[in-house]
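The values are calculated or read from the model by the stated rules, or taken from the named source; none is laboratory data. What you are looking at is a predicted structure, and each value in this text was computed from that prediction instead of being measured. Heads up, the Cβs are rebuilt from the backbone with ideal geometry, glycines too, and the neighbour counts pull from every protein chain shown.
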Amino acid sequence: MKALDFSKQTDIRYESELAHHFRQLIEADPDLQWHVPPESAPAPRQWVELRLDDRSERFKPLYRLKPSVPELESQAERWDAPNPTLLVVPELSPRVLDLCRQKRLAAIDLNGRAYIRLTGLLVDRRPLPGRNFRFRLEPRNVFVGKSARIIRTLLTDRDRLWVQSELVNRTKASSGLVSRIVQHLISQGFVERQGSREFRVHDPLGLTDAWVKADAFARRNTTTYYTAFGGAPLEIALRLHSWAKEQSARIAFTQWIAAWLRHPYTEPPLVCAYVARLPEAPALDQLGLRPVNEVGKLWLHVPDDEGVLLETQTLRDLPLASDAQIYVDLQHTGLRGPDQAAALRNWEGFCRP
């Protein structure tokens, strides 16, 4: 069969485009054998048939450019045999895919990602190479740049009722971006509306977990390591904070020491902080610091986006990153970092001021 070139069309704008490309996809599927009525037949898109060995299953396609988790949850009970629904989307988000697994809903996207679970049948396929489809208006990654600022601010208080203007003021993001990200979070079931103007975080732990999956710490920060001459971690942190105040340099402590200050579980092995700029040589001498190639007792992270420094909380006169940010930063760190992170996440005060 002639290979199809999807590279020129990656953004899907209309359901008609979605249906058209879906037919092309399943006709060229390298693993699964599909049968569809010809386009000239009456009601050509009312069903598709999957054939595996001597078994065939017929589905009714449900085309959605941007599936809503609340909508799918409400319709789940009506998706059963004899002709179960097959959700067809441009790109399956992790959130929607997790829901399909939980509810045993059949779903496929234009990138070849497929999940089909019936009695005696399981298809769970990763995206096919060479495909890069998405809904044109779907945010690519809400956990980077100014989009991440909105997530971070929402997670500063999991119980608070928010209005859009508050997020605009605190994140310094545009009203249009805030609106798009909030609408996306609502569709994914992370945020819920409360009346006509207010909304709140509906699933703070799920949103935090999604942030962890999408995060690439090394890509969003430049880290410099230092040895420290004398002093326990808390003493080093206090000295560094004094320098930051004198120099009017923004700073927010994170990782082990910040989590320990918020909810003690393991002793902090070192000090980590976000800084707007690094101390210069004279300041390093005063602080008793010397740069090293790795490890050390102090890690200073200069972030690509200053948003991480916009949301801080103060404890023992030290500015700390937000709880969710601390939790994300502790992933894949070693030195019992994930243990401290889990203790923070499971604490009732997590993401509560």
Query raised in the report: With respect to residue 147, is the statement that it is part of a helix (DSSP H, G or I) and either over 21 Å from residue 324 (Cβ atoms) or without any contact (Cβ under 8 Å) to a residue 60 or more places away in the chain (or both) true?
Result: yes
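How many residues are farther than 22 Å from residue 218 by Cα and either surrounded by 14 or more Cβ atoms within 10 Å (Cβ to Cβ) or in contact with a helix residue (DSSP H, G or I) (Cβ under 6 Å, 6 or more places away or on another chain) (or both) when one looks only at region 291-315? Steps first, please.
Narrowing region 291-315 to residues farther than 22 Å from residue 218 by Cα: 313-315.
Imposing the further condition that a residue be either surrounded by 14 or more Cβ atoms within 10 Å (Cβ to Cβ) or in contact with a helix residue (DSSP H, G or I) (Cβ under 6 Å, 6 or more places away or on another chain) (or both) reduces the set to 313, 315.
Adding up the residues that qualify gives 2.
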Query raised in the report: Under 6 Å by Cβ, and 6 or more places apart or on different chains, what pairs join a residue from region 309-338 that is hydrophobic (A, V, I, L, M, F, W, C) with one that is assigned to a loop (DSSP other than H, G, I, E, B)?
Result: 309/250; 324/155; 324/351; 328/215; 335/269
Report summary line: Residue hits (region 270-289; touching a residue at least 40 places away in the same chain (Cβ under 8 Å), closer than 23 Å to residue 327 by Cα and surrounded by fewer than 17 Cβ atoms within 10 Å (Cβ to Cβ)) are none
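Just to be sure before I move on: is residue 164 outside the structural domain of residue 313 (by TED's automatic domain parsing), at pLDDT below 95 and more than 26 Å from residue 314 (Cβ to Cβ) in the structure I sent?
On the way: outside the structural domain of residue 313 (by TED's automatic domain parsing): yes; at pLDDT below 95: no; more than 26 Å from residue 314 (Cβ to Cβ): yes.
For residue 164, the condition - outside the structural domain of residue 313 (by TED's automatic domain parsing), at pLDDT below 95 and more than 26 Å from residue 314 (Cβ to Cβ) - is not met.
Among residues belonging to region 190-210 that are surrounded by 19 or more Cβ atoms within 10 Å (Cβ to Cβ) and under 13 Å from the mean Cα position of the chain (by Cα), point out the one that is farthest from residue 346 (Cα to Cα). Spell out the reasoning first.
At the first step, the residues of region 190-210 found to be surrounded by 19 or more Cβ atoms within 10 Å (Cβ to Cβ) are 190-191, 199, 201-202, 204, 207-208, 210.
Remaining after also requiring under 13 Å from the mean Cα position of the chain (by Cα): 190, 204, 207-208, 210.
Values: 190: 18, 204: 12, 207: 14, 208: 12, 210: 16 Å.
Only one residue fits best here, namely 190.
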Report summary line: Of the residues in region 114-141, those that are without any contact (Cβ under 8 Å) to a residue 60 or more places away in the chain and either farther than 30 Å from residue 83 by Cβ or surrounded by 19 or more Cβ atoms within 10 Å (Cβ to Cβ) (or both) number 4
Query raised in the report: Within region 333-351, is there a residue that is under 22 Å from the mean Cα position of the chain (by Cα) and basic (Lys, Arg)?
Result: yes
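Among the residues in region 115-128, are any within 27 Å of residue 172 (Cα to Cα) and either modelled with pLDDT under 90 or assigned to a strand (DSSP E or B) (or both)? Reasoning before the result, please.
Here is the first cut: in region 115-128, the ones within 27 Å of residue 172 (Cα to Cα) are none.
Taking every residue of region 115-128 in turn, none turns out to be within 27 Å of residue 172 (Cα to Cα) and either modelled with pLDDT under 90 or assigned to a strand (DSSP E or B) (or both).
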Query raised in the report: Among the residues of region 189-199, which ones are farther than 21 Å from residue 328 by Cα and touching a helix residue (DSSP H, G or I) at 6+ places or on another chain (Cβ under 9 Å)?
Result: 192, 193, 197, 199
Query - Number of the exception - residue 96 against (1) in contact with a Pro (Cβ under 8 Å, 6 or more places away or on another chain); (2) β-branched (Val, Ile, Thr); (3) surrounded by fewer than 18 Cβ atoms within 10 Å (Cβ to Cβ) - result: (3)
**Report entry** Every residue from region 150-178 that is assigned to a helix (DSSP H, G or I) and more than 17 Å from the chain's Cα centre (by Cα)
**Finding:** 164, 165, 166, 167, 168, 169, 170, 171, 175, 176
**Report entry** Which listed residue is out of contact with any Lys or Arg (no Cβ under 9 Å at 6 or more places or on another chain), under 18 Å from residue 151 (Cα atoms) and outside the structural domain of residue 205 (by TED's automatic domain parsing), from 339, 305, 329
**Finding:** 329
